[in-house]
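Structure record follows, encoded as structure tokens.
Values in this text are rule-based calculations from the coordinates and carry no lab data. Everything numeric in this text was worked out from a predicted model, so none of it was measured. Positions of Cβ are backbone-derived with ideal geometry, glycine not excepted, and every protein chain shown enters the neighbour counts.
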2 protein chains.
Amino acid sequence: MPATRLQDHSDLYLQQIINDLDNGALYDARSHLHSLYPAEIALLLRSLPIDYRYQLWGIMAPEAMGGTLAALHGEVRIGLIEHTSVKDLMAAASQLAPREMADLVADFSAEAREKVLKKESSSRLEAALSYGGHNAGGLMSMDALPIRGDVTVEETLVYLREQKKMPANMDSLFVVDRNNHYLGMVAVSTILTSDSVTKIGKLMDSAEAISLNMPVAEVATIFEQRNILSAAVVDEQGEVIGRVTIDDVLNIIREEADHAVLRSAGLDEEHDLFSPVFVSAKRRAVWLGVNLFTAFLASWVIGLFEATIDQIVALAVLMPIVASMGGIAGSQTLVLVIRGLALHQISSSNAMSFLFKELAVGAVNGVVWSIVVAVIAGAWFSNAPLGMMLGGAMIINLSCAALAGVLIPLFLQKKGIDPALAGGVLLTTVTDVIGFMSFLGLSTIFLLA
Amino acid sequence: MPATRLQDHSDLYLQQIINDLDNGALYDARSHLHSLYPAEIALLLRSLPIDYRYQLWGIMAPEAMGGTLAALHGEVRIGLIEHTSVKDLMAAASQLAPREMADLVADFSAEAREKVLKKESSSRLEAALSYGGHNAGGLMSMDALPIRGDVTVEETLVYLREQKKMPANMDSLFVVDRNNHYLGMVAVSTILTSDSVTKIGKLMDSAEAISLNMPVAEVATIFEQRNILSAAVVDEQGEVIGRVTIDDVLNIIREEADHAVLRSAGLDEEHDLFSPVFVSAKRRAVWLGVNLFTAFLASWVIGLFEATIDQIVALAVLMPIVASMGGIAGSQTLVLVIRGLALHQISSSNAMSFLFKELAVGAVNGVVWSIVVAVIAGAWFSNAPLGMMLGGAMIINLSCAALAGVLIPLFLQKKGIDPALAGGVLLTTVTDVIGFMSFLGLSTIFLLA
């Protein structure tokens, strides 16, 4: 089958499905789904407005539900589960690997969960349930194939052939001692190309294993740095418990990147694009409330200078410029620091060098743009001293913005608060307050004298 | 070797290296590097202020330079290349696979590039150079192992053993016809567990191949949706040219996510955290200039109402609240749409449903918060009508913010402009202008009568 699979396909499918549902052509809709991968059906469901979504879900074959639910998260998944009978949920769950099943049943109702656990009574599922969490244990699958280092390539090949079928995406076997303690790993391709009498121990790469409670972000970093496809997961005693494969890591990296962007707008979780209006409104109201507080703080600062503005109205016209430029300059620094912290590029050893550099950049741009705004504003209001106040405030605010852009995320990180969530609000609070205060303050001192 | 590798290690290494360099303990610094993976050395170099960075680079063994340079990008890499002799560059390049080498020599000076090409005169390198670019051709390695479908498992095993060593991270072989045209792929693990007389064609999975000119973002989506570790790359005739492995895709996904965050602050490329002050300042000045233009636009709107502000100074105190809340509400919608477009969740088929939902959310939050601000502002200035103007403007601005948050990214996407880069500026321009205009306009009409 030749290549060329365009992404416009997903738009096309969406349009087709909506047409089918609008026309009551349910059989067509169902057969359109047939050619899709579970992850593609999941994308389709997330993209459908709620009524269409549940209509489509209602005509899906239970066999296709398992993989699709496994590829969904959060609100969308919970909504679909609520629209599925316990019987269909059991059928869906039974098609998944233990780890995915454990992840899925966590979203089930108590009744459905109990039924699935009774039916599946597998020790692997129980283990998967106990290892859940945002760490290597929650990410791993428990189908590692441990072998002893003192067997030969030939014996290994015989052993593998006896397995009949190897787990999906298995590129390596793990070498263990007689107590199942991890020693290293050996690539399947190495076994294939080696002499049949060679001992596995000789072919082994003593790559470090991942500990059960390592946070997923660290697991992702290790995969990125080492260009590996899988790694062994070991418990505190060093015993091999499972393996993490790179396709799971890929999903984690995508999700984390996604969350960082959402958090910057105060949207913390994986929400349904089409959740009901009041649910969405309530969720966003919190963030608006936080920002309203900081907006009133800025207003309060302006209020301190009411008498000055009363005498020189042009100040009211120009003051947003200082605040806005400070916010922009500060957020550039902020983004660099948040990213530097996430990639472990910025730490206590180099934070000072970076702070001085950013201060210098802020001062240089402050001077350059202060001249520009001073000239424009001075000409606009035929008032050179007014322009100079604007320019002076700009230098002050851009320097403070650089300082805040570096220090706020470092402070938040130290306090265990996600800088991507709270950094932007705190920064604009600082740049608004300092922007208004410096411009109106300088003007009060020098223009009203 | 047991597990537990903490990420604090990277901070620790950084501190050690800086100490070593400060104390002139170059031998210690060099031996500290010995235990690190190339990607870890790359991280270290990126995290070092420029003087330290070049000092460390100067004492690195040329053998370690290749992998390290391959793990770096942009400014940092170019800077290091400029500080390396042509002889060392040639040694560094010679350690890389053709694709990585092609990628690296593209950053070399003309002289060094020519020398490497003369020395390495490999047809694979030439091919890699010709396939460069931001598509599957630039991502693939050219070490695919094609086999015919009519050979048996036994014959394949013999053939593989003859290879002595298989390329890194190879989990699958590609099945081709007699003209080297792609038919499907077969996992190495399947070959291992199958009967020796079975024909490879029977074991084949007819997964679609990736075409040479498929954009990398699409390649990434395919890997995410299908949970595969590698895929064949074919040319227009369907002939197998190479393979893409998931570890390359992982890097792409990380970089794209990274760029999306940087672009939102007008930082478009992979820049050095420690680039010289004037270089950084100049780069950021462009974005500040764009924003200065929009800030002056907002000022001009305020200027239209100078006479009104002159009579009611409280308007100047309160007006930033309307603009700021509009900006926050709009950016929440904007982030959802930009993400929805990137994940192919939003398209022409469902954009309208989403727009209406967002408008409703904006209106609900507009009403709720307009009551809050009306009460606070009315009480603050003992002026109920003033509070009502603020509340009314808030409803208008939050509704317009929702509209702008949906339409701006859709419009930019249609025009081929990255919404993550330009969306935020355009949005705040709209919410500033409408915020100031609605509040000051309503007040002019109703309070000055």
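Quick notes on this structure:
- Taken along the Cα-to-beta-carbon direction at a fixed 7 Å, the label points for A:Val367 and B:Glu162 span 7.2 nm.
- Relative contact order for chain A, counting Cα pairs under 8 Å that sit 6 or more residues apart, in percent: 11 percent
- Helix axis angle, A:277-304 relative to chain A longest principal axis, alpha carbon, degrees: 30 degrees
- Residue range of chain A that is longest and free of GluC sites (Glu not before Pro) which are both DSSP loop and sparsely packed (at most 11 other C-beta within 10 Å): A:1-235
- Inter-copy label distances for A:Val197: 3.0 nm (label point placed 7 Å from Cα along Cα→Cβ; shortest first).
- Computed from Cα atoms, the angle from the helix A:8-22 axis to the main principal axis of chain A rounds to 80 degrees.
- Kirkwood estimate for the stretch A:333-449, i.e. one over the average of 1/r between Cα atoms, Å: 15.2 Å
- Degrees separating the helix A:246-263 axis from the principal Cα axis of chain A, which is the longest one: 20 degrees
- In loop segments of the stretch A:335-443 as defined by DSSP, the trypsin sites (Lys or Arg not before Pro) with at most 15 further C-beta atoms inside 10 Å of their C-beta are A:Lys415.
- Computed over the stretch A:8-134, relative contact order equals 19 percent, with contacts defined as Cα pairs under 8 Å that lie 6+ residues apart.
- Pairs from A:Lys118/A:Lys165; B:Lys87/B:Lys119; A:Lys164/B:Lys199; A:Lys199/B:Lys202; A:Lys357/B:Lys282; B:Lys282/B:Lys414 whose Cα-Cα separation, in the structure shown, is over 22 Å: A:Lys118/A:Lys165; A:Lys199/B:Lys202; B:Lys282/B:Lys414
- Plainly put, the tip 7 Å out from Cα toward Cβ on A:Asp258 is 2.1 nm from that tip on each other copy, the closest given first.
- ³J(HN,Hα) computed for each position of the stretch B:374-389 - Karplus, 6.51 cos²θ - 1.76 cosθ + 1.60, integer Hz, glycine/proline x: 4, 5, 4, 5, x, 6, 4, 9, 6, 8, 4, x, 4, x, 5, 4
- Cα principal axis extents for the protein assembly as shown, largest first, Å: 96, 73, 54
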